[in-house]
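Presented below is the structure to which this report refers.
The values are calculated or read from the model by the stated rules, or taken from the named source; none is laboratory data. Owing to the predicted nature of the structure, the values given are computational and were not obtained by experimental measurement. As a convention, Cβ positions derive from the backbone with ideal geometry for all residues, glycine included, and neighbour counts pool all protein chains shown.
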Amino acid sequence: MNLKQGIALMSSVLAFGLATEAGAVCTQTAASQADRDLWNTHGCWQDFFLWQYKAYGLRSGDWSNRGWNAACNVNLEFPKHWNASYLLTYGMEDDWNQSFHGTEDYRATAEARSSNFHDSLYHSITDRTDVFGTFTPRFWPWDTDRVETACPLYNPNVSNSNPGSRAGDYMHEGWHAYFDKYNFDNGNTGGHRPGPQGACTINGCDYFYFHGISKYPFGAMWENNGTASKFHSPNQVQVEFLCDVADQSHWWIPLSVRQTAASDANARAASRFINGPGYTCGSPRPW
Amino acid sequence: MQRNTRRVLSRAGTLVVTLGLMSGSAAVAQDKPTSENPSNIPPSRVIAGRPLHSPPKMNAADARKSVNAFITWAGESVVEEQSTARRALASAAKQPELVQAFMEEILAAHESGDTSRALVGLGLLGEMRTYDGAKFLVEFVRKPLPTKGTVIEGELQEEAQQARLQAKAIAGVAYLRNEEFDREVAYQAGNHPSVIVRAEAISAYLWNRGDSLEARKALEPFVRKEERLYLDRVRRVTGEGADAFNRKLTAYLKAHPEVQAPDPVRKDPRPPEEKPNTFDETPPKF
Ligand SMILES: [Zn+2]
């Protein structure tokens, strides 16, 4: 065991302690308009949530008082979790000439299975309110990496409690797993560089590795050449996904979902990149 | 965000709890989620069943209620219904009671904390292009940002939330395309305390003036020196093809070599995982 692994262990140990001690749940009083609008396009589709919990490696114990046995109550966390998965599984248009990346990229980043994108992971949930999500690498080789999403993605009175932002966080945390798979170090401030620095105004900053459209074949977002010329950071993958929701999702995606995605993308693009801003997405026409 | 923010904590008790962790992960219960009234209808059929282009009517006599219903419809509406919404808004703009009701609904949504709904409301009001509406949007943009609340990843959540809404509001002010209001947009492009709003003010100002060189020149003196880059920032909009976007990006990177990121940094490899998850069942048919 090297030092880093030891440290990772302590971190996962503490997280485990928190998870078991937490009897609390996030605010469960309501869902945002964007969540409800997307929900109305499927009306609680059973086939999907019975697929989703396996595809995301959800464990019933983590979600027991969060809608595991009330999967159609959109005010609860599990329904909100799978609502976001539904968006990224079916919602993207995958236009090779216009989208940054395709469904296969976004799915492989979010889902549990081991792939070119990351080693195996599973999605859990935490009652923390000071983060949107966390990534905790496995300690033992036979263990599994963990992605946790946190209350601000579920509390109806926080702006990121909408399907686009939640799925955007699956991208972000999934990309921390990518960094671990390919042995990249993104910095020691929660897996980012310290901030504020450059154009980044918050305490965890990334670089934006600008690339054009049609530069990565669909399914190839994971590719890198070890240099800045072919690479992605966690916030960047998140922004590109949110941009694709805003501008390149299927015709039936509600405008509330698109507009909140654009708003999240643009806020992140302006505040989280050292060499920022990233692109701006969505039309400046108000409606 | 985040990897191991808690790593500094808890150096004690590692081994003991590790055993707990191991047994925890060994016993992965995979019992199924359940629900009382699930739907067995694939979404493609649910979507086909929703009538398009039938927004609720807005009327001055019942302004608040009808505007509330309209915002609900608009949030759920899709891109091809935008023109229908715009027509309804153009006619509502002639009725001050309705404009007023939009303002009240926006404030109510903002207060309830539902950013997605407030965004929809702000977009609709901006699209109406009324003097009173724009005045309201300016006041909204000028509201002082919250200074207390929950800090997420070093960012005050309440502040970021309000800034996102103010960014939407400033886009509405710019859309009026009126000299007096454009001065406000230019002012906010340099002076708003949040970069989220300054960035949107710059983008909206330029877009509403056809991204012309003149517009850029007119705006430049208002923009903070260290943020002049925003005047050239690449915007991607719906339907834009790779060639058009990539041309803009190439020009941007050429004009601003300073945005080139450094190469990523390597770290020690970790041992390969022993039990990869190979679940590959395709999702159900849409
Ligand atoms: Zn990309």
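Quick one: would you say residue A:113 is more than 7 Å from chain B (Cβ to nearest Cβ), more than 16 Å from the ligand (Cβ to nearest atom) and among the basic types (Lys, Arg)? Steps first, please.
Values: more than 7 Å from chain B (Cβ to nearest Cβ): no; more than 16 Å from the ligand (Cβ to nearest atom): yes; among the basic types (Lys, Arg): yes.
Here the answer is no, as residue A:113 does not meet what is asked.
The single condition from (1) facing chain B (nearest Cβ under 9 Å); (2) part of a loop (DSSP other than H, G, I, E, B) that residue A:176 fails is (2). Among residues of segment A:190-216 being in contact with a strand residue (DSSP E or B) (Cβ under 7 Å, 6 or more places away or on another chain) and charged (D, E, K, R), the one that is nearest to residue B:240 (Cα to Cα) is A:206. Taking segment A:224-252 as the range and being near the ligand (Cβ under 10 Å from one of its atoms) and in contact with a helix residue (DSSP H, G or I) (Cβ under 6 Å, 6 or more places away or on another chain) as the test, the residues that pass are A:237, A:239, A:241, A:243.
Okay, residues lined up against (1) outside the structural domain of residue B:235 (by the TED database); (2) in a helix (DSSP H, G or I); (3) modelled with pLDDT under 95; (4) closer than 20 Å to residue A:195 by Cα:
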residue	(1), (2), (3), (4)
B:138	yes, yes, no, no
B:160	no, yes, no, yes
B:173	no, yes, no, no
B:188	no, yes, no, no
B:193	no, no, no, yes
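Considered as a group, the residues in segment A:208-223 that are under 17 Å from residue A:179 (Cα atoms) and within 9 Å of the ligand (Cβ to nearest atom) include one that is surrounded by the most Cβ atoms within 10 Å (Cβ to Cβ), and that residue is A:221. Checked against (1) out of contact with any Leu (no Cβ under 7 Å at 6 or more places or on another chain); (2) in a loop (DSSP other than H, G, I, E, B); (3) away from the ligand (no atom under 16 Å from the Cβ), residue A:256 meets all criteria but (2). Would you be able to say whether some residue in segment A:70-92 is away from the ligand (no atom under 15 Å from the Cβ) and without any contact (Cβ under 8 Å) to a residue 12 or more places away in the chain? Yes, some residue in segment A:70-92 is away from the ligand (no atom under 15 Å from the Cβ) and without any contact (Cβ under 8 Å) to a residue 12 or more places away in the chain.
Only one of these is touching a Lys or Arg at 6+ places or on another chain (Cβ under 6 Å) and assigned by the TED database to the domain that holds residue B:76: B:108, B:93, B:118, B:101. Name it. Let's see the steps before the verdict.
Working: B:108 fails: touching a Lys or Arg at 6+ places or on another chain (Cβ under 6 Å); B:93 fails: touching a Lys or Arg at 6+ places or on another chain (Cβ under 6 Å); B:118 fails: touching a Lys or Arg at 6+ places or on another chain (Cβ under 6 Å).
The conditions single out B:101.
Listed by position, the helices (runs of 4 or more DSSP H) inside segment A:32-115 whose residues that are more than 17 Å from residue B:282 (Cα to Cα) and not small (Gly, Ala, Ser) number at least 3 are A:33-39, A:77-90. Within segment A:133-154, the only residue that satisfies the criterion of being in contact with a Gly (Cβ under 9 Å, 6 or more places away or on another chain), modelled with pLDDT of 95 or more and part of a loop (DSSP other than H, G, I, E, B) is A:144.
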